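Colleague: The structure that follows is given in the form of structure tokens.
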Amino acid sequence: MSSENPTPTTPVHRPRRLRRTATLRRMVQETTLTVDDLIYPMFVMEGEEQKVEIASMPGCYRYTLDLLVAEIAEVSRLGINAIALFPVIPEIKKDDTGTESYNSEGLVQRTIKAIKQAVPDILVITDIALDPFTTHGHDGIVDENGVILNDPTVEVLVKMAVSQAEAGSDMVAPSDMMDGRVGAIRRGLDAAGYFDVRILAYSAKYASAYYGPFRDALDSAPKFGDKKTYQMDAANSREAIKEVALDIAEGADIVMVKPALAYLDIIRKVKDYTNVPVAAYNVSGEYAMIKAAAQNGWIDEKKVILETLTSMKRAGADLILTYFAKEVALMLL
């Protein structure tokens, strides 16, 4: 019983009644984060028995294939259902048009095969973009004037997607932001007989400063200019719906907003607009900020991680790509 005595101004509605105990709070909780919501981005490099920490992403590593497969087996045991694969390509294998991206014996293709053989139940999502494979670091083919060429790039992306599907990729994820690439990839996959390979489209991918640590991880920063002629303007909101609508019409199975934390309003708009699953990418800069603050003792790391990811789920994300996936899986055990 409360020690407060009723008065003429005593409120009838007391929202705090449902906050009194941990049990009540759990019972009326509107948003629940689970390990099923998480996709774990992982980095693979050439070599053997090497695990190299990424300086700007503490706790994240580039793995050689042998150690990557062992790590994936571990995260699968923790209940993580999907990984997103990103390759570190040696400079000697890069060229101006990214031909290594569709090499049937390339790093990505060999990695897909090894993962599916060792951990067949885990969903392997593979990136479709040329920046890890090009000497200039852009997501597309560049002409002599420095212009990113859309349609010639899409032709290479289709080859890349089909090559990854042949290797066993469960889902291809075009992150390049070229116009028309989702439809072209869908047609290419279907023509090759890969009707069941899904497309996770980076539909609303913004030209963001939050990507810095990721580019360190892959050594894929553009060698000139920026990516603002193909990635979206951070100031735009309605344009995100336009991009999502086009990708769905072209055959996307899942659409994504990237980054996530500074774009929660976009996640909400996309969720309200569409009836396909919506993913959000908790990107490297968002990860690095939390890690840096935690290392300085300024925040409670575990609580901030859970609060941050819950905010993305609350905004409407059905799936979250996050470098915190393994840590969260351990927290939720």
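Colleague: Can you say whether Ala217 is closer than 18 Å to Pro259 by Cα, under 21 Å from the mean Cα position of the chain (by Cα) and not basic (Lys, Arg), as far as the supplied structure shows?
Modeller: Yes.
Colleague: While we're looking at this one, here's another question. On the basis of being out of contact with any Lys or Arg (no Cβ under 9 Å at 6 or more places or on another chain), open to solvent by 10 Å² or more (accessible area, probe 1.4 Å), at pLDDT 95 or above and of a type in the set (Gly, Ala, Ser), does Gly180 make the cut?
Modeller: Values: out of contact with any Lys or Arg (no Cβ under 9 Å at 6 or more places or on another chain): yes; open to solvent by 10 Å² or more (accessible area, probe 1.4 Å): yes; at pLDDT 95 or above: yes; of a type in the set (Gly, Ala, Ser): yes.
So Gly180 passes the test.
Colleague: Further question on the same structure: Scan the stretch 54-74 and tell me whether some residue there is among the basic types (Lys, Arg) and farther than 23 Å from Glu286 by Cβ. Step through it out loud before you land on a result.
Modeller: Of the residues in the stretch 54-74, the ones among the basic types (Lys, Arg) are 62.
Now narrow it down to the ones that are farther than 23 Å from Glu286 by Cβ: none.
The answer is no, given that none of the residues of the stretch 54-74 is among the basic types (Lys, Arg) and farther than 23 Å from Glu286 by Cβ.
Colleague: Scan the stretch 209-227 and report the pairs whose first residue is touching a residue at least 12 places away in the same chain (Cβ under 8 Å) and whose second residue is open to solvent by 50 Å² or more (accessible area, probe 1.4 Å), with Cβ atoms within less than 6 Å and a gap of 6+ or a chain change.
Modeller: Hits for this filter: Ala221/Arg215.
Colleague: Enumerate the strands (runs of 3 or more DSSP E) found wholly within the stretch 1-113, keeping only those where 2 or more residues are farther than 30 Å from Ile305 by Cβ, in contact with a Cys (Cβ under 8 Å, 6 or more places away or on another chain) and open to solvent by less than 80 Å² (accessible area, probe 1.4 Å).
Modeller: Details: elements: 38-45, 51-53, 61-64, 82-88.
Result: empty, no element qualifies.
Colleague: Further question on the same structure: Quick one: which of Ala234, Ala204 is without any contact (Cβ under 8 Å) to a residue 40 or more places away in the chain and not polar (S, T, N, Q)? Even if it seems obvious, please write down each step before you answer.
Modeller: Working: Ala204 fails: without any contact (Cβ under 8 Å) to a residue 40 or more places away in the chain.
The match here is Ala234.
Colleague: Take Val255 and tell me if it is within 22 Å of Met160 (Cα to Cα), buried (at least 18 other Cβ atoms within 10 Å of the Cβ) and more than 16 Å from the chain's Cα centre (by Cα).
Modeller: Numbers: within 22 Å of Met160 (Cα to Cα): yes; buried (at least 18 other Cβ atoms within 10 Å of the Cβ): yes; more than 16 Å from the chain's Cα centre (by Cα): no.
Here the answer is no, as Val255 does not meet what is asked.
Colleague: Out of the residues in the stretch 223-251 that are among the hydroxyl-bearing types (Ser, Thr, Tyr) and under 16 Å from Ser175 (Cβ atoms), state the one that is most open to solvent (accessible area, probe 1.4 Å). Quick ask: steps written out before the conclusion?
Modeller: Initial filter on the stretch 223-251 (among the hydroxyl-bearing types (Ser, Thr, Tyr)): 229-230, 237.
Next cut, under 16 Å from Ser175 (Cβ atoms) only: 229-230.
Numbers: Thr229: 117, Tyr230: 20 Å².
Once the filter is applied, the top-ranked residue is Thr229.
Colleague: Does the stretch 183-211 hold any residues that are open to solvent by 30 Å² or more (accessible area, probe 1.4 Å) and either under 23 Å from Lys228 (Cβ atoms) or not hydroxyl-bearing (Ser, Thr, Tyr) (or both), and which are they? Before the answer, list the steps.
Modeller: Pass one, the stretch 183-211, residues open to solvent by 30 Å² or more (accessible area, probe 1.4 Å): 186-187, 190-196, 198, 209-210.
Within the stretch 183-211, Arg186, Arg187, Asp190, Ala191, Ala192, Gly193, Phe195, Asp196, Arg198, Ala209, Tyr210 meet the criteria.
Colleague: Find all pairs meeting these conditions: Cβ atoms under 8 angstrom apart; at least six residues apart or on different chains; first residue within the stretch 86-113 and among the hydrophobic types (A, V, I, L, M, F, W, C); second residue in a loop (DSSP other than H, G, I, E, B) and open to solvent by less than 50 Å² (accessible area, probe 1.4 Å).
Modeller: Listed by first residue and then by second, the contacts come to Phe86/Pro132; Val88/Pro132; Ile89/Pro132; Ile89/Phe133; Leu107/Ile89; Ile112/Gly168; Ile112/Ser169.
Colleague: Would you call Ala240 free of Cβ contacts under 8 Å to residues at least 40 places away in the same chain, part of a loop (DSSP other than H, G, I, E, B) and closer than 18 Å to Asp176 by Cα?
Modeller: Values: free of Cβ contacts under 8 Å to residues at least 40 places away in the same chain: yes; part of a loop (DSSP other than H, G, I, E, B): no; closer than 18 Å to Asp176 by Cα: yes.
No: the conditions fail for Ala240.
Colleague: Could you list, in sequence order, all residues of the stretch 277-299 that are in a helix (DSSP H, G or I) and in contact with a strand residue (DSSP E or B) (Cβ under 8 Å, 6 or more places away or on another chain)? Give the derivation first.
Modeller: Step one: filter the stretch 277-299 for residues in a helix (DSSP H, G or I), giving 284-295.
The one that is in a helix (DSSP H, G or I) and in contact with a strand residue (DSSP E or B) (Cβ under 8 Å, 6 or more places away or on another chain): Tyr287.
Colleague: Just to be sure before I move on: is Lys302 open to solvent by 20 Å² or more (accessible area, probe 1.4 Å), in contact with a strand residue (DSSP E or B) (Cβ under 7 Å, 6 or more places away or on another chain) and either in a loop (DSSP other than H, G, I, E, B) or not hydroxyl-bearing (Ser, Thr, Tyr) (or both) in the structure I sent? Steps first, answer last, please.
Modeller: On the way: open to solvent by 20 Å² or more (accessible area, probe 1.4 Å): yes; in contact with a strand residue (DSSP E or B) (Cβ under 7 Å, 6 or more places away or on another chain): no; either in a loop (DSSP other than H, G, I, E, B) or not hydroxyl-bearing (Ser, Thr, Tyr) (or both): yes.
When the stated conditions are applied, Lys302 does not pass them.
Colleague: Is one or more of the residues making up the stretch 260-274 at pLDDT 95 or above and under 26 Å from Val88 (Cβ atoms)?
Modeller: yes
Colleague: While we're on this one: So which residues in the stretch 316-332 are touching a Ser or Thr at 6+ places or on another chain (Cβ under 9 Å) and more than 18 Å from Ala279 (Cα to Cα)?
Modeller: Leu332 - this is the single residue of the stretch 316-332 that is touching a Ser or Thr at 6+ places or on another chain (Cβ under 9 Å) and more than 18 Å from Ala279 (Cα to Cα).
Colleague: Need the failing condition index for Ile128 against (1) under 17 Å from the mean Cα position of the chain (by Cα); (2) open to solvent by 40 Å² or more (accessible area, probe 1.4 Å), just the number.
Modeller: With (1) under 17 Å from the mean Cα position of the chain (by Cα); (2) open to solvent by 40 Å² or more (accessible area, probe 1.4 Å) applied to Ile128, the lone miss is (2).
The values are calculated or read from the model by the stated rules, or taken from the named source; none is laboratory data. Source: prediction; values computed, not measured. Every residue, glycine as well, gets a Cβ built from its backbone with ideal geometry; the counts of neighbours run over all protein chains shown. Accessible surface is based on the protein model in full, side chains and every heavy atom, while ligands, DNA and RNA are left aside. Shrake-Rupley method; radii C 1.70, N 1.55, O 1.52, S 1.80 Å.
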